[in-house]
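Chemist: Below you'll find the structure I mean.
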Amino acid sequence: MKTFFRLLRLLAPHWKMMLWAVLLGFCTIGSNVGLMATSAYLIAWAALHPPILNLMGATAAVRFFGIARAVFRYLERYFSHHVTFRLLSQLRVWFYQALEPLAPARLMDYRSGDLLSRIVADVETLKNFYLRVLSPPLVALMILGPVFALLAHFQTKFAYVVLFFFLLAGVVVPLGIRLLGRRVGRQRVETRARLHAHLVDSIQGMTEIVAFHQAEQRLTRMNSLNRELLQLQGRMSTLAGLTGSLTGFAMNLAMWTVLVLAIPMVESGEMKGIYLAMLALAVLSSFEAVAPLPLIFPHLEESLAAAKRLFDITDAEPAVQSPAVSAGRPEKYDLQVTGVSFRYDAESPWTLKNLDFCLPQGGRVAVVGPSGAGKSTLVNLLLRFWDYDRGSICLGSRIIKEYSQEDILSLIGVVTQRTHLFNATVRENLLLAEPGAGQEEVIQAARRARIHSFIESLPQGYETYIGEGGFKLSGGQRQRLAIARALLKDAPVLILDEATAGLDPVTEKEVMEDIYELMKGRTTLVITHRLTGLEVMDEIVVLDRGQVVERGTQEELLRQHGLFRKMWDLAHQIIS
Amino acid sequence: MMIDKRLLGEARKVRLFLAFTVGLGLAAGLIVVLQAASLARVVNQVYLQGRNLKEVWPLLIMLLGLIFLRAILAWGSEVLSHRAAARIKGDLRRQLLQRLFALGPLHVRGERTGELVNLMTEGIEALEDYFARYLPQLALAAIIPLTILVFVFPIDLTSGLILFLTAPLIPFFMVLIGKWADHLTKRQWGHLSRMSAHFLDVLQGLTTLKLFGKSKAQITVIARISDEFRKTTMGVLRVAFLSALVLEMLSTISTALVAVALGLRLVYDRISFEHAFFLLLLAPEFYLPLRLLGNQFHAGMAGVTAADRIFEVLQTPLPKTGDRQEGLQPETQLLRISFKEVSFTYPGGDRPALQGVTFDLRAGERVALVGPSGAGKTSIANLLLRFADPGEGIIEVNGIPLQQIPADQWRRLISYVPQHPYLFYGTVAENILLGRPGASMDQVREAAELAGAHEFIMKLPRGYDTPVGELGLRLSGGQARRLALARAFLKDVPLLILDEATAGLDPASEQVIQEALERLMQGRTVLVIAHRLSTVYRADRILVLAGGQVVEQGRHQELVDMKGLYYCLVTAYRGEAV
């Protein structure tokens, strides 16, 4: 219910346009009622052989309604979709605006495909909330008014008969069937989910299935799930099919009842027989407004589910709050981590515990450890994607919580394992780091990252499209572009987060050399589980399960025969 | 028009259903006519002949009966068509999966996985509307107007002609507009996928954007792109609405035309009121099924699009296999495998994955495959598992060509541990049981113990009954690997094909897995795709692959002394001499 009202509030700015659309919807159906009623009246009157001139008014009305109906329908559709799609377009922006501050901390648990389906498909689903949920009952109500008045003009009983069947067909039947079908519906959803999971498994696990000759067994299982689903769907359609047929039934029955009530009145002279045909057709045609009502409930449920998925994201609190006034640019760029502890939520164990290290300006420190030791968490804290719980992190003698996230990020250049390249040209991807950079600077950075001659060799040089839909780059080339980006950004502090992971040994060696170029004159923190190139570090901090277990230079650590040594031996086992 | 022959071929299997739909359509048409006739008669008798309620009562009862019958018919045809659609969907789903199993894992690798999963689920569901709504509506749109015409013509030629001449215009316009809309819809799809692609790009790169302080600037870009999308959508819709306008005009204006024409003739007494009212009642009923067909047009299109992709898979030719029914059975415990000048190219691949590979794998021997990625290590495993057959050359098992041994029988002799084992949705025990479906719980536990998995399994919330996989608990890479090893222990067969894990394991679980592997290899013929020095040290023979060819062969020390590719591979990482 709360979601429903929140959705309404999102629509609120457009209420005027929406009301217009509803009004046009009313005119559309109203014209149809008018067309059928006046046609019937015209024929009934003509049967009395009046002078033909007397029929002119009715004839004109019939023609008018015939044309008006089509025109109103067009206008109604145009208006309602116009406002709906404008709304959807705004919702996408609204959603992105709410999402942006959450990245990456609060979005960690979502796959990007999932977020995409929210911003595209879920927003799209919401169009039904207005078109199929809000609008039809309003139109039906508006139609009911004049039809009720028209019938009541002859006899109040008629009006109540129509009201009764309206409610029956539009509210009672669909609700009742929904209630009846709820259990089967749930079972069907579950069975379908199980079937889908089975299919996904069958395709993704194909290698194992074929290797362990399980194909027959998988097919048998699918057939039995299929049969189960078939049965449930059969039961479901037995119920659901009732909705449509009962709507038609109610319509005809309403007409029939009015007829039965009206005939004695004609008999007794209370009502003129000429109106009989008109009443019958007016009742029949007014039920057009009821037809979309049974669909309200499924669309409502769908819309609410979609809205809930959107609100789930937009309601999340950003993980960090920027201070009212940022501390600005520090004078020195030394990094001091003192007694830092952090956990992702109050129930989970500490991810980092009492971490200490000092990185003087221009110094080099490496943090190593097996996966799950807390290395990436440390990067997240330094970039202020999260705030630490205890201790302090200082940059240039001020704690980083005094800087806004933007300011912190402008001071730090980062090269990560998975460099994202956008669907854009090479140049645009590089300019991301420094939009004002000129051609010379871009080429200079690419040269220093030793990627310039490669870029020149591409079909369109710096204007070649890369990324998902563009030219495929190798891992080494991607990393070099990332290094070029960092060079362009020219930030005083540098964080290398598994910058060479996933590269083959030869490329890794080369990229490391480019990285040394990047490190020159910068305060550098290296995060890695690959133990190459560590001999140039001032200090290596070995993390295990969130705690520092060893520290020292590479030489010292190798002599200690501790975790570092174990990792070293393991790493030097790998040959590909 | 929108009748896909292949889909109708599917529907033919439920021929009874199609016949029923047509029969029900005919019945519905007749009832429509009868209902109009009896209503017209009642009104006529009361209005012009002054009959009272008692006198028209039998007619009213008949009308009520018809109303009732009409509702039942509508219900019946709805239920029938949904059931038929469900049956066809189930049938196609089965055929698809069967085909995919027959095509094997090589067909389903990589990027195709997601697409195929989507096809099996959403794609098949899209057929529901085609069979449950579009086809039945198509039948109704053809039958009901015809039935009505049969009754209208004898009564009044003019009205009949108005209806008869306007009716074909509706499908005509629909086809015309449909083609146009089709074209626009495709363009619209292009816009939608471009918008999605941009959103995905931004979402995936959001952290990167943030690092460079550019994430807020995306708000305007998103606003622009989504507004462009709105404009093109409205463009498409405007066409759709205009087409609806034309169709609507046709039907309402002809109804008005019929009414006015009838009125005039009534004045001059050229037609009776009963007939005129009867015709007026039929006019909207005449157009209704045609207009409703327009509403289902979309469903029809979606169904045909999905069908295209479904039949594309169903018609993919199966890889040639020389399976013979009277397949030969190799001596089970002692397997000697020889590759003789084997070459192989992946379907659709532009260069051979293997070229003239020749080597022997003797019973009880441990052979390691080494080489840079793309050298052909996995291809050898794929051929040995018979996921594909060699293009040239021959693989022999104890002197029998592998192609003459039925694939299933052959795979019963092999255990395969892939680099990234797949866990199915099901319990831990079920996942291990894949190795030998008939095994007892004790045997499962024993296998898990040998694989070093028992300990962590007991710590799971429900032990061996803990659901894992897609909808269950997520296991770490090391844990999944141990389950895969347990599968292999349970299967307990003479030949083991093993793809070593490269990275991602911490030193502690690495050790457990190494020990389990050592136990598993004991006493078996082993082909291992090696990524570790410790494995190659212990191998009886090392095959060094490059560019699909065996370039070096021998024991570790021999190969190191050769100072060839193997030497480079082993020393590159370490930056030192061995």
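What follows draws every value from the coordinates through simple rules; no lab data is involved. Quantities reported herein were computed from a predicted structural model and do not represent experimental measurements. All Cβ positions, glycine included, derive from the backbone under ideal geometry; neighbour counts span all protein chains shown.
Chemist: What is the mean number of Cβ atoms from other protein chains located within 10 Å of the Cβ atom of each residue in peptide A:239-250, rounded to a whole number?
Modeler: 5
Chemist: Show me B:126-133, B:409-416 ranked by packing, highest mean number of other Cβ atoms within 10 Å first.
Modeler: Those peptides, ordered most packed to least, come out B:126-133, B:409-416.
Chemist: Mean residue ellipticity at 222 nm from the helices of chain B, using -39,500 (n - 2.57) per DSSP H segment of n ≥ 4 over the full residue count, to the nearest 500 deg cm²/dmol?
Modeler: Here the helix-only value at 222 nm equals -20500 deg cm²/dmol.
Chemist: Return the long-range amide H neighbours of B:Leu369 (sequence gap of 5 or more, or a different chain), with a cut-off of under 5 Å between placed amide H atoms.
Modeler: Long-range HN contacts for B:Leu369: B:Val528, B:Ile529, B:Ala530, B:Leu543.
Chemist: Sort the following peptides by mean Cβ neighbour count (other Cβ atoms within 10 Å, averaged over residues), highest first: A:417-426, A:286-295, A:260-269. Let's see the in-between values first.
Modeler: On the way: A:417-426: 19.9, A:286-295: 22.1, A:260-269: 17.3.
Highest-to-lowest ranking by the protection proxy: A:286-295, A:417-426, A:260-269.
Chemist: Which one of A:Leu179, A:Phe166, A:Leu151 is farthest out on the positive end of the charge dipole of the range A:145-207, using unit charges on Cβ (Lys, Arg +1; Asp, Glu -1) and the Cα centre as origin?
Modeler: Checked the options; the winner is A:Leu179.
Chemist: Using +1 at the C-beta of Lys and Arg and -1 at the C-beta of Asp and Glu, which of B:Leu433, B:Leu498, B:Ala448 has the Cα lying farthest in the positive direction of the dipole of the range B:400-529?
Modeler: Of the options given, the answer is B:Leu433.
Chemist: What does the convex hull of the Cα atoms of the range B:306-464 come to per residue, in Å³, rounded to a whole number?
Modeler: Taking only Cα atoms, the range B:306-464 has a hull volume of 193 Å³ per residue.
Chemist: Excluding same-chain residues fewer than 8 positions from A:Lys566, which aspartates and glutamates have a Cα within less than 12 Å of its Cα?
Modeler: Within reach: B:Asp506, B:Glu510.
Chemist: Something else now. In terms of Cα to Cα distance under 29 Å, which lysines are near enough to A:Lys157, apart from those fewer than 8 places away along the same chain?
Modeler: Cα-Cα hits under 29 Å: A:Lys272, B:Lys54.
Chemist: Which loop-located GluC sites (Glu not before Pro) does the range B:58-123 contain, where loop means any DSSP state but H, G, I, E or B and the Cβ has at most 12 other Cβ atoms within 10 Å?
Modeler: Hits after loop and neighbour filter: B:Glu111.
Chemist: Would you work out the charge dipole size for the range A:1-135 about its Cα centre, treating the Cβ of every Lys and Arg as +1 and the Cβ of every Asp and Glu as -1, and quote it to the nearest 20 debye?
Modeler: In debye, rounded to 20, the range A:1-135 gives about 140.
Chemist: Answer with one residue from A:Leu503, A:Leu473, A:Ala46: the one whose Cα lies farthest towards the positive end of the charge dipole of chain A, charges on Cβ with Lys, Arg +1 and Asp, Glu -1.
Modeler: Towards the positive end, the residue furthest out is A:Ala46.
Chemist: Something else now. Taking R0 as 60 Å, what's the FRET efficiency between A:Met519 and B:Val239 from their Cβ-Cβ distance, rounded to 0.05? Let's see the in-between values first.
Modeler: Values: r = 60 Å, r/R0 = 0.99.
Taking R0 as 60 Å, the efficiency between A:Met519 and B:Val239 is 0.50.
Chemist: Can you run phi through the Karplus equation (6.51, -1.76, 1.60; θ = phi - 60°) for the range A:199-212 and list ³J(HN,Hα) in whole Hz, with x for Gly and Pro?
Modeler: After applying 6.51 cos²θ - 1.76 cosθ + 1.60, I find 5, 4, 4, 4, 7, 6, x, 3, 4, 5, 4, 6, 5, 9 Hz.
Chemist: Averaged across the residues of A:108-114, what count of C-beta atoms belonging to other chains lies within 10 Å of each residue's C-beta?
Modeler: 2
Chemist: Another question, then. What does the charge dipole of the protein assembly as shown about its Cα centre add up to, to the nearest 20 debye, if the Cβ of each Lys and Arg holds +1 and the Cβ of each Asp and Glu holds -1? Can you show the working numbers first?
Modeler: Details: 120 positive and 105 negative charges, 574 e Å.
About 2760 debye.
Chemist: In addition: Could you run the Karplus curve 6.51 cos²θ - 1.76 cosθ + 1.60 with θ = phi - 60° over the range B:354-363 and give me ³J(HN,Hα) per residue in whole Hz, x for Gly and Pro?
Modeler: Once θ is set to phi - 60°, the couplings for the range B:354-363 become 10, 9, x, 7, 10, 6, 10, 10, 8, 4 Hz.
Chemist: By the scheme Lys and Arg +1, Asp and Glu -1, what is the net charge of all other residues having a beta-carbon under 11 Å from that of A:Asp497?
Modeler: Around A:Asp497, the charge tally is +1.
Chemist: For the cross-link pairs A:Lys489/A:Lys520; A:Lys332/A:Lys509; B:Lys89/B:Lys179; A:Lys472/B:Lys377, which exceed 20 Å when the distance is taken from alpha carbon to alpha carbon? Could the numbers behind the result be given before it?
Modeler: Working: A:Lys489/A:Lys520 14 Å; A:Lys332/A:Lys509 32 Å; B:Lys89/B:Lys179 27 Å; A:Lys472/B:Lys377 24 Å.
Violating the 20 Å Cα-Cα cut-off are A:Lys332/A:Lys509; B:Lys89/B:Lys179; A:Lys472/B:Lys377.
Chemist: Now a separate question. Rounded, prolate or oblate: pick one for the range A:183-337, where a ≥ b ≥ c are the square roots of the eigenvalues of its C-alpha gyration tensor, a/c under 1.5 means rounded, and failing that, prolate if a/b is larger than b/c, else oblate.
Modeler: oblate
Chemist: Helix-only mean residue ellipticity at 222 nm, chain A, DSSP H runs n ≥ 4 weighted -39,500 (n - 2.57), per residue, nearest 500. What is it?
Modeler: Helices in chain A give a 222 nm mean residue ellipticity of -19000 deg cm²/dmol.
Chemist: Within the range B:199-269, which chymotrypsin sites (Phe, Trp or Tyr not before Pro) sit in a loop by DSSP and count at most 12 neighbouring Cβ atoms inside 10 Å?
Modeler: Sites meeting the loop and neighbour criteria: B:Tyr268.
Chemist: Next question. If you take the square roots of the eigenvalues of the alpha-carbon gyration tensor of the range B:88-217 and sort them as a ≥ b ≥ c, do you get rounded (a/c under 1.5), prolate (a/b over b/c) or oblate?
Modeler: Note, shape of the range B:88-217 comes out oblate.
Chemist: Let me check I've understood the local charge: for A:Gln336, count other residues with C-beta under 12 angstrom from its C-beta, Lys and Arg +1, Asp and Glu -1. What total comes out?
Modeler: 0
Chemist: Between the helical axis of A:2-11 and the dominant principal axis of chain A, each derived from Cα atoms, what acute angle in degrees is found, rounded to the nearest 10?
Modeler: 80
Chemist: Related question: Please turn the phi angles of the range A:62-73 into ³J(HN,Hα) values with the Karplus equation 6.51 cos²θ - 1.76 cosθ + 1.60 (θ = phi - 60°), one per residue in order, whole Hz, x for glycine and proline.
Modeler: Each residue's phi maps through the Karplus curve to give 4, 5, 4, 4, x, 7, 4, 3, 5, 5, 4, 4 Hz.
Chemist: Moving on to the next point. How well do other chains shield peptide A:64-76, expressed as the mean number of their Cβ atoms within 10 Å of each residue Cβ? Write out the running numbers ahead of the final one.
Modeler: Numbers: counts 1, 4, 11, 5, 1, 7, 10, 4, 1, 7, 8, 2, 1.
Average neighbour count from other chains, rounded to a whole number: 5.
Chemist: How do the peptides B:542-551, B:375-384, B:399-408 rank, highest first, by the average count of neighbouring beta carbon atoms within 10 Å per residue?
Modeler: On the way: B:542-551: 20.5, B:375-384: 22.8, B:399-408: 16.6.
Ranking, from highest mean packing down: B:375-384, B:542-551, B:399-408.
Chemist: What do you get for the angle between helix B:273-314 and the principal long axis of chain B? Use alpha-carbon atoms, 0 to 90 degrees, nearest ten.
Modeler: It is inclined by approximately 10 degrees.
Chemist: Taking the Cα centre of chain B as origin, sum charge times position over the Cβ atoms of Lys and Arg (+1) and Asp and Glu (-1), and report the length of that vector in debye to the nearest 20.
Modeler: That gives chain B a dipole magnitude of about 1000 debye.
Chemist: Name the long-range amide H neighbours of B:Gln549: under 5 Å, sequence gap of 5 or more, or other chain; modelled H, no Pro or chain starts.
Modeler: Sorted by chain and number, the residues that satisfy this are B:Gln355.
Chemist: A follow-up question, please. What does the charge count around A:Val442 come to, taking other residues whose C-beta lies under 13 Å from its C-beta (Lys +1, Arg +1, Asp -1, Glu -1)?
Modeler: -2
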